[in-house]
Amino acid sequence: MESVSKRILPQHQRRFLPTDERKLGFGDIFSDHMFKMDFHDGQWRNPRIEPYAALSISPAAMSLHYGQLIFEGMKCFRRQDGRLALFRPEANFKRFANSSHQLCIPQIDQELALAALKELLFVDQDWVPHTPGTSLYIRPFIVATEPHLGVRPANEYMFMIITGPVAAYYTEGFAPIAIYVEPHYSRAVPGGLGEVKAAANYAASLFAAEEAHKKGFSQLLWLDPCQHKYVEEVGSMNMFFVIGDELVTSPLAGTVLPGITRDSVVTIARDWGLKVSERPLAIDEILAAKKSGELKEAFGSGTAAVISPVGRLHYNGQDIVVGEGGIGPITQKMYDEIIGIQYGTRPDKYGWVVLV
Ligand code: COI
């Protein structure tokens, strides 16, 4: 495996974390260094850690025109014992490989990527925040850099990892959010990119999300693109519903992102003995469950969002209050379990934690 070269800022040129970690927000602050690697002449080359800085790429870089761009989202947690921990990073790099495949991007060596990430975290370890609920968000991504305006897969790419300290993804924090159920627009189609982490999926969501924001909703639940009948995902998270005694989430049938937190929730809930179904769930079934009093809880799962309670859905002019509109017991228990494993306050019986 090629070794990672380093150009590291001297201590006096490093920037510092804001002192009030509760005001971190999400995605605005970046650590001192970044990892970079280039693909050209048929090979990934020159893995290196450098000071975080603007990129210089051609205005004709193919990703800028045709969107050949994939990414991942991961977190590094500071534990009470002072150790730094990653949560299922191999799963992220495996999904990254699937995304590469789908977008005709040459795959990176997953072992090298994890080793490089650990080195980057070691260099910027002071950037991992200390306050409960905060973490260092990690964003690996690949962009096509070849200057060319014909539509085909590029021959040159850059793989980068940037990081930055974050608090909760939603301004609501761990408080119930209201979600607009989108009756008209679609996020992804069967045979498309919905199951990989392509920037294009997020671009496709913006117009509808803006419309939902104007109506006062911070998030939007996508329905299936063919019939607009079955719930899919929220874009920033997968969705779970507690209906009667069943925990239901949409199946991974091509248009839904296979979330790593989603998989963790399914595994943990099955272990708890809950009845977990990955099955099509019609919005009409949710409405009927509301009527019969069986709609107990709803929550989203994602790396950035962790576990996010959903208190209310809005569909075709109707408000659907979930349970009592607060945080349900399964939602709370799942949140406690997942963050407990991530921060090392609960046993990691599944072997998901990778210490840095
Ligand atoms: C993540 O959860 O890490 C994501 O990539 C979702 C993004 C909307 C922040």
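Values as computed for the structure displayed
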item	result
Unit charges on C-beta of K, R, D, E only; dipole of the range 222-276, Debye	20 debye
For Cys76, Cys104, order by how many other beta-carbon atoms lie within 10 Å, fewest first	Cys104, Cys76
The range 57-134: radius of gyration and largest Cα-Cα distance (Dmax), Å	15.6, 48
Check: the range 304-356 dipole with +1 on Lys, Arg Cβ and -1 on Asp, Glu Cβ, in debye	100 debye
Under the span-like rule (Cα at least 15 Å along the axis, Kyte-Doolittle mean at least 1.0), DSSP H helices of the chain	110-123
Compactness of the range 33-186, expressed as Rg and Dmax over alpha-carbon positions, Å	17.5, 53
For the range 26-82 versus the range 116-149, the gap between their alpha-carbon centres in whole angstrom	7 Å
Check: the range 236-340 dipole with +1 on Lys, Arg Cβ and -1 on Asp, Glu Cβ, in debye	100 debye
Equivalent ellipsoid semi-axes, the chain, via Cα gyration tensor eigenvalues times 5, rooted, Å	35, 25, 18
Proportion of all alpha-carbon pairs of the range 104-159 beyond 15 Å (%)	63 percent
P(r), alpha carbons of the range 263-356 - 10 Å bins starting at zero, rounded %	14, 42, 30, 12, 2
Unit charges at the beta carbon, dipole of the range 1-136: most positive-side option, Tyr52, His12, Pro106	His12
Beta bridges per DSSP with both ends in the chain, % antiparallel, nearest 5	80 percent
Order of Tyr157, Tyr335 - criterion: other Cβ atoms within 10 Å of each residue's Cβ, fewest first	Tyr335, Tyr157
Mean separation of Cα contacts under 8 Å, 6 or more apart, over the residue count of the chain: relative contact order %	18 percent
Cβ-based exposure ranking for Leu112, Leu221, Leu69, in which fewest neighbours within 10 Å come first	Leu112, Leu69, Leu221
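Every read-out reported here was derived from the displayed coordinates using simple, explicitly stated rules and does not represent laboratory data. Since this is a predicted model, take the numbers as computed values, not measurements. Using ideal geometry, Cβ is built from the backbone for each residue, glycine included, and neighbour counts are taken over all protein chains shown.
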